[in-house]
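Heads up: the structure comes next, in structure tokens.
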Amino acid sequence: MGQRSGAEHRDLSALAPELSQSLLAWWEIHGRKDPALKPWMFTKDGRWPEPHEHLNVLECWIAEVMLQQTQLKVVLPYWQGWMKVFPTVDALAAASLEQVRLQWQGLGYYSRARRLHAAAQRLAQGPWPRDLDSWMGLPGIGRTTAGSILSSGFNAPLAILDGNVKRVLARLHAHPRPPAREQVLFWQWSEVLLDPARPRDFNQALMDLGATVCTPRNPDCGRCPWQFCCAAYAAGDPTRWPMTDAPKPLPFQVIGVGVVLNAEGHVLIDQRLDEGLLGGLWEFPGGKQEPGESIEACIERELKEELGIVISVGEELITLDHAYSHKKLRFVVYLCAWVSGDPQPLASQQVRWVSPDQLDTFAFPAANAKMIEALRRSIN
DNA sequence: AAGCCGTGGTC
DNA sequence: TGACCAAGGCT
């Protein structure tokens, strides 16, 4: 067997200094170096840190976890609100998981909030780690998040491999296979290119390049500092990279949901199990419609099975389609009247009767927030 | 290792 | 407007 890798892609290690130099020169002018965009990346007096300076690692850690699969623009207001409510690791560790989830509400991937809380309780115990392995040992922190925290916070020479970096590298090499299948190779590329003298700036510059120039749809190659050695640019159509696997169609299901009111005008909600979809969030009870079943029958059956109650289904409140990352659901929501049975958490953590005014104090998924809005409209 | 896990921006 | 994608991690 010959040396496949040598034949398949260029070795850019010799070019690394030149690539870093051109990238950083671009970044000094066009990078997202704005305290209004990434406040955690700046010193207390509002400067971009010098190589020897450290940042507030708590701020970096919270930001990096929020930024997992989530755009900078979306994260910013959540980060600001979070730091106000949990300004220290002790404040976060001492908070209830309920408070933490309420603060996270709407950001998605809710296990991140639970793991952030668990990690805070470990970090509150002793000195904060400074090495990659210790950070990776904390819940919710993988190699990219750990590398980002340490390179941002301490200027540690650690590579990252997020969606931006994968796309830039895939194009730079015109790599013929989806990055997901070749993590080892892409990590090597990211490490080879990393500037050991300025890892903080280099990682930020690489992500800024991917987010603002080497974008998925319309890459602005005319402004790219790496155009001179980009294989995808040379091939004529950079958007052919990164290669992707054919997407699988999302399964579609109809969910019958009951907004159950009792004689006092209280509403029935349940808290989902911690694991799985929307773990730990509150919701209006319901479940999948079975083949041949009417939606009214579905709601009656689900509430009997999951809560042990008998209800009578009334008027339709709202119907809404909602796409998750791996399935599409249609929620058909009906107002219902409680008839008999004390609600039991047979398929959930807890069940509670609450007045509609209290709903704000529970963390709900986005789809349920729309149901609450419809409920308020129907009551008024 | 491939599937699960949310939501909103963007075109 | 539906489809793709985002500063990924976990199992």
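For region A:276-317, a residue qualifies if it is at positive phi, surrounded by 13 or more Cβ atoms within 10 Å (Cβ to Cβ) and out of contact with any Asp or Glu (no Cβ under 7 Å at 6 or more places or on another chain), and the qualifying residues are A:278, A:308. Tallying residues that are polar (S, T, N, Q), assigned to a helix (DSSP H, G or I) and either closer than 16 Å to residue A:286 by Cβ or in contact with a Phe, Trp or Tyr (Cβ under 8 Å, 6 or more places away or on another chain) (or both) within region A:335-380 yields 1.
Screening residue A:13 against (1) within 11 Å of DNA strand C (Cβ to nearest atom); (2) surrounded by 12 or more Cβ atoms within 10 Å (Cβ to Cβ) leaves a single unmet condition, (1). Listed by position, the strands (runs of 3 or more DSSP E) inside region A:190-303 whose residues that are away from DNA strand C (no atom under 16 Å from the Cβ) and among the aromatic types (Phe, Trp, Tyr) number at least 2 form an empty set.
Against the list (1) acidic (Asp, Glu); (2) under 21 Å from residue A:170 (Cα atoms); (3) surrounded by 14 or more Cβ atoms within 10 Å (Cβ to Cβ), the condition residue A:18 fails is (3). Of all residues in region A:50-67, those that are of a type in the set (A, V, I, L, M, F, W, C) and assigned to a loop (DSSP other than H, G, I, E, B) total 2.
Taking region A:57-77 on its own, how many of its residues are surrounded by 12 or more Cβ atoms within 10 Å (Cβ to Cβ) and either free of Cβ contacts under 8 Å to residues at least 40 places away in the same chain or within 16 Å of DNA strand B (Cβ to nearest atom) (or both)?
Here the count works out to 14.
The sole residue among A:91, A:36 that is more than 16 Å from DNA strand B (Cβ to nearest atom) and either assigned to a loop (DSSP other than H, G, I, E, B) or without any contact (Cβ under 8 Å) to a residue 12 or more places away in the chain (or both) is A:91. Contact map, region A:311-325: residues that are over 26 Å from residue A:251 (Cβ atoms) and more than 11 Å from DNA strand C (Cβ to nearest atom) paired with residues that are among the polar types (S, T, N, Q) and in a strand (DSSP E or B), Cβ distance under 9 Å, separation 6+ or inter-chain. Pairs shown: A:311/A:340.
When residue A:133 is tested against (1) away from DNA strand C (no atom under 11 Å from the Cβ); (2) surrounded by 21 or more Cβ atoms within 10 Å (Cβ to Cβ); (3) part of a helix (DSSP H, G or I), just one condition goes unmet, and that condition is (2). If the condition is being over 22 Å from residue A:13 (Cα atoms) and of a type outside the set (S, T, N, Q), then region A:199-237 contributes A:211, A:213, A:216, A:217, A:219, A:220, A:221, A:222, A:223, A:236, A:237.
State yes or no: is residue A:103 without any contact (Cβ under 8 Å) to a residue 60 or more places away in the chain, more than 10 Å from DNA strand B (Cβ to nearest atom) and either outside any helix (DSSP H, G or I) or farther than 23 Å from residue A:151 by Cα (or both)?
Details: without any contact (Cβ under 8 Å) to a residue 60 or more places away in the chain: yes; more than 10 Å from DNA strand B (Cβ to nearest atom): yes; either outside any helix (DSSP H, G or I) or farther than 23 Å from residue A:151 by Cα (or both): yes.
Criteria met by residue A:103.
Any read-out appearing in this document is the output of simple, stated calculations on the displayed coordinates, not a laboratory observation. No experiment lies behind these values; they were computed from the predicted model shown. Because the Cβ atoms are built from the backbone with ideal geometry, glycine has one as well, and the counts that use them run over all protein chains shown.
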